[in-house]
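Beneath this line is the structure, given in structure tokens, with notes to follow.
The values are calculated or read from the model by the stated rules, or taken from the named source; none is laboratory data. In this text the structure is predicted, and so the values were computed from the model without any measurement. Ideal geometry is used to build each Cβ from the backbone, glycine not excepted, and the neighbour counts take in all protein chains shown.
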Amino acid sequence: MSLVGALLGSYRITDELSSGGMGTIYRAQHELLGRVAVVKVLRAELTEDNELADRFFTEARAASAVRHASITEIFDFGYTPAGEAYLVMEFLEGETLHARLKRAKPAGVPQQEAAYIARSLALALVAAHAKGIVHRDLKPANIFLVPELEQSFGMRVKILDFGIAKLVDPSGAPRGRKHTMTGTLIGTPRYMAPEQARSASTIDQRADQYSLGCILYEMLVGEAPFPKGGSGEVIAMHLFGEVEPPSQRVPGLDLALEVIVMRLLQKEPGDRYANAAELAHALAVPAGAVPVAPVPVAPADAWRTPLPLTPGPPSTHLVAPLAFADDRTVRDRKLGLPFIAALGALAIAGAIAGAIAFAVTRNARPSTPPATPAAPAPVKMLTAAPLPAPPRSEVRVHDAGVIIVAPPGHHTVTSHTSPKVPQNRPPCDHVGPHTASCAPIETTP
């Protein structure tokens with residue numbers, strides 16, 4: 001019996017979109033807001049099956065618990081006057097990934113587009129897994145591509161159908177009523193994780209990673225990892241078969257994408273990514289996006305320790321990656337010699353200027369300071385009152401020249417012209433063969 005024209009809650013059924021073995025899908029409109037929505041109605045005989053009805057409403061509970069732009073929003077759910085279970089969800093325009101892949105055959109979709117779709121799915125799974133929800137039936141038919149010009153590749157990715165989602169608590173234990181009986185196989189064999197095929201009651205969020213790996217493989221290659229055979233054969237291949245690396249079928253495939261795909265398709269859950277956030281971070285560069293996880297700040301002495309080949313745990317600060325020389329000798333050879341040469345040139349120029357300033361200061365200094373200056377001088381070299389005995393300077397004679405080191409507050413003069421002490425040097429008392437104690441050089445601004 002058609003429900004066109006019926007009022008379910010605040011939504012009026014306007015027309016029928018499709019019908020299948022599980023039920024019927026309608027278009028509806030909110031009576032007051034005018035918002036267009038989709039209504040999924042479960043067949044009456046199926047609603048009588050408590051387990052099926054419970055699984056049907058699991059979609060409402062799961063999707064409502066996760067508010068994310070890439071997860072279809074549920075507006076309402078309940079029972080029709082005839083006792084049929086129904087869901088009201090947002091209306092989407094676009095196409096499924098299944099339809100997109102059919103248009104792209106025999107090849108897959110472009111690599112960067114495939115990475116973008118996979119990363120969008122990973123980010124949605126981050127939100128779902130944080131709520132303890134495992135989808136368990138990710139496949140191209142449950143992924144919708146909505147046209148949005150402001151998004152990459154002009155589309156937003158949406159996950160549909162949480163009808164067989166499993167709710168678990170953070171420890172991994174099931175939450176609420178069990179939705180499967182022992183021996184019941186839940187999911188789609190072509191995209192099913194090995195552990196899900198073994199026992200549908202002992203899976204965690206890493207099962208969704210395996211399904212996503214199958215989807216990414218199909219987007220890159222044009223078909224799923226194990227596309228042929230009946231359900232039993234396909235499940236056996238997931239359990240025991242070896243996946244052909246996608247690079248052997250797609251020349252020029254990005255190596256980073258192959259590494260990601262092969263890690264997602266590992267038989268053991270522990271060999272996959274630790275979580276969906278880590279997966280999204282790995283997909284960022286192939287997708288042409290900014291990485292999700294920040295790069296840790298490098299310490300000041302990071303050159304002493306080579307950087308790890310794999311990124312560590314995310315930090316709380318976003319900074320650009322830094323590269324450091326692994327060997328101090330290499331760094332000094334590359335950077336130290338030009339720097340020393342520049343300092344040498346500056347030292348020679350400074351020595352010449354210092355020698356001139358020293359000579360002017362030495363010749364202008366009177367033997368007895370006058371009581372009052374005869375006339376104002378352009379630059380006052382000495383104070384009017386007799387100066388107290390200044391601290392002594394140190395003269396160091398080296399093969400490269402003479403260095404006169406003044407005490408704090410005085411200038412140091414370096415001469416590279418002769419290894420001998422200059423004639424116009426300040427009064428000095430020789431202390432050793434290469435060291436002398438001298439009066440400081442007086443200068444004024």
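Quick notes on this structure:
- Scope the stretch 166-185; condition of a type in the set (Val, Ile, Thr), within 22 Å of residue 65 (Cα to Cα) and at pLDDT 50 or above; matching residues: 168
- Candidates are the residues of the stretch 88-115 that are touching a Gly at 6+ places or on another chain (Cβ under 9 Å) and under 30 Å from residue 56 (Cα atoms); the one that is modelled with the lowest pLDDT is 88.
- Residue in the stretch 1-59 that is farthest from residue 93 (Cα to Cα), counting only those that are modelled with pLDDT of 85 or more and among the aromatic types (Phe, Trp, Tyr): 11
- Per the conditions (1) over 14 Å from residue 66 (Cβ atoms); (2) touching a helix residue (DSSP H, G or I) at 6+ places or on another chain (Cβ under 6 Å), the sole criterion not satisfied by residue 104 is (2).
- Residues in the stretch 238-268 that are crowded, with 17+ Cβ neighbours inside 10 Å, in contact (Cβ under 8 Å) with a residue 12 or more places away in the chain and in a helix (DSSP H, G or I): 238, 246, 257, 258, 260, 261, 264.
- Scanning the stretch 19-62 for residues that are under 11 Å from residue 87 (Cβ atoms) and part of a helix (DSSP H, G or I) gives 56, 57, 58, 59, 60, 61.
- Of the residues in the stretch 48-55, none is closer than 26 Å to residue 129 by Cα, within 42 Å of the chain's Cα centre (by Cα) and assigned by TED's automatic domain parsing to the domain that holds residue 254.
- Among all positions in the stretch 3-18, there is no residue which is closer than 25 Å to residue 96 by Cα, touching a residue at least 24 places away in the same chain (Cβ under 8 Å) and not in a strand (DSSP E or B).
- Scanning the stretch 69-120 for residues that are of a type in the set (Val, Ile, Thr) and in contact (Cβ under 8 Å) with a residue 24 or more places away in the chain yields 71, 72, 80, 88, 96, 109, 117.
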